[in-house]
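Undergrad: Have a look at the structure that comes next, please.
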Amino acid sequence: QQQQQQQRGASDPAVGAADESSGKLCVQDYQEKLAVFFPSSGSSTTPAHPSMDFVWRDYCPRVFRRLRAAAGIDEADYMLSLAGAQALRQLNSPGKSGSMFLLSEDERFLVKTMRKSEMSVLRGMLEQYSAHMEHYPHSLITRFFGLHKVTPAHGRSVRFVVMANIFVTDLQIHRRYDIKGSTDGRTVGAEGRAKAADGDPGVIFKDLDVDMRIVLEQPAHEALMQQLAADSDLLKRVGVMDYSLLLGVHYPARNFTRLSLE
C-alpha cells in the first residue's frame with residue numbers, strides 16, 4: 001500500500017508542478033516543502049485511489065527538477081517511470097542500513113527508503129551537492145532526482161529518495177565491485193565466490209576480491225583521477241565519510257582469458 005501511495009503521489013500534477021524559470025536557485029529553494037493531501041475518495045485536485053488517505057510531501061522540488069533537467073530526464077518520462085501501471089520492483093538490500101530498495105519498471109531509477117536523520121543529512125548538503133553536479137556534469141557521485149515523504153492517515157511516515165541506476169546499459173554486467181580502499185573484512189568470502197560461479201548476478205565483490213588490473217589510456221586515466229579527487233573533496237566538505245566506488249565489469253566474450261595480478 002505504501003508503494004501505491006508513493007506511485008500515486010509521484011504521478012499527481014499538483015506535486016509535479018514547480019517553477020520553470022531558469023533563474024538562479026535561492027535559499028528558499030533548499031528549504032521548500034510542498035504537501036498534498038490525497039483522500040481515498042479523491043478531491044478537486046487529486047484522483048481517487050484504493051489505498052487509505054495520505055499526505056505526500058515533496059522536498060526542494062525546484063532543486064531536484066533542475067538536477068533532473070541537467071541529467072537530460074524528461075519530466076513526463078520521470079513520472080511515468082515511477083508512477084506507471086507497473087509496480088516498482090523490490091530488491092534485496094545490498095547494505096547494512098536496513099533500507100528498502102525499489103527499482104522502476106524501466107530500471108532507470110532506484111527508490112531507497114531513508115531514516116529521518118539520513119534525509120536531514122541529504123537536505124543539509126543539497127546546496128553544495130547541486131552546485132557540484134552543475135559544475136561537474138561527469139561526476140561519479142550518486143545522482144539524486146527527488147526527495148519525498150508519504151504519511152498515511154493511520155500509519156508511520158515513509159521517507160525516500162529517488163536515485164539514478166548507474167547500471168542502465170544494454171551490456172550485461174558480469175561482475176560488480178564495491179570498493180572502499182580498505183582491506184578489513186572486504187571480501188565476499190568462499191560462499192560469495194561460489195554463488196558467483198553458479199551465475200548469481202546479485203553478488204557484489206569487494207576490495208580483496210579484485211583480481212584484475214584495469215588499464216586506461218592516459219587522457220581517460222587523468223580525467224578519472226581528477227573527477228575522483230573533486231568528488232572526494234565534496235564529500236569531505238559536507239562531512240560524508242562512509243562511501244565507496246561502485247564498479248561494473250562487462251566481459252565482451254565469455255571465452256575470455258582471465259589474467260590474475262600474480
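The values are calculated or read from the model by the stated rules, or taken from the named source; none is laboratory data. Source: prediction; values computed, not measured. All Cβ positions, glycine included, derive from the backbone under ideal geometry; neighbour counts span all protein chains shown. SASA here: full protein model, heavy atoms, side chains in, ligands and nucleic acids out. Shrake-Rupley method; radii C 1.70, N 1.55, O 1.52, S 1.80 Å.
Undergrad: Filter LYS24/LYS236; LYS33/LYS236; LYS33/LYS116; LYS116/LYS149; LYS24/LYS149 down to the pairs with a C-alpha to C-alpha distance above 20 Å, please.
TA: LYS24/LYS236; LYS33/LYS236; LYS24/LYS149
Undergrad: How about LYS195: which lysines have a C-alpha closer than 28 Å to its C-alpha, ignoring those fewer than 8 places off in the same chain?
TA: Hits, sequence-local ones excluded: LYS96, LYS112, LYS180, LYS206.
Undergrad: Could I ask something else about it? For the range 29-166, just list the percent of Cα-Cα distances falling in each 10 Å bin from zero outward, please.
TA: 11, 39, 40, 10, 1
Undergrad: Sticking with this structure for a sec: Peptides 108-120, 180-192: what's the order by average Cβ count within 10 Å, highest mean first?
TA: Going from most to least packed, we get 108-120, 180-192.
Undergrad: What's the ranking of 222-228, 67-73 by average number of surrounding C-beta atoms within 10 Å, highest first?
TA: 67-73, 222-228
Undergrad: Report the Cα centroid-to-centroid distance between the range 199-250 and the range 108-184 in angstrom, as an integer.
TA: Here the answer is 16 Å between Cα centres.
Undergrad: Using a/c under 1.5 as the rounded threshold, could you call the range 90-214 rounded, prolate or oblate? The axes a ≥ b ≥ c are square roots of the C-alpha gyration tensor eigenvalues, and prolate needs a/b larger than b/c, oblate otherwise.
TA: Verdict is prolate for the range 90-214.
Undergrad: A follow-up question, please. Run the accessible area of the range 106-178 with a 1.4 Å probe and give the carbon-and-sulfur part as a rounded percent.
TA: 49
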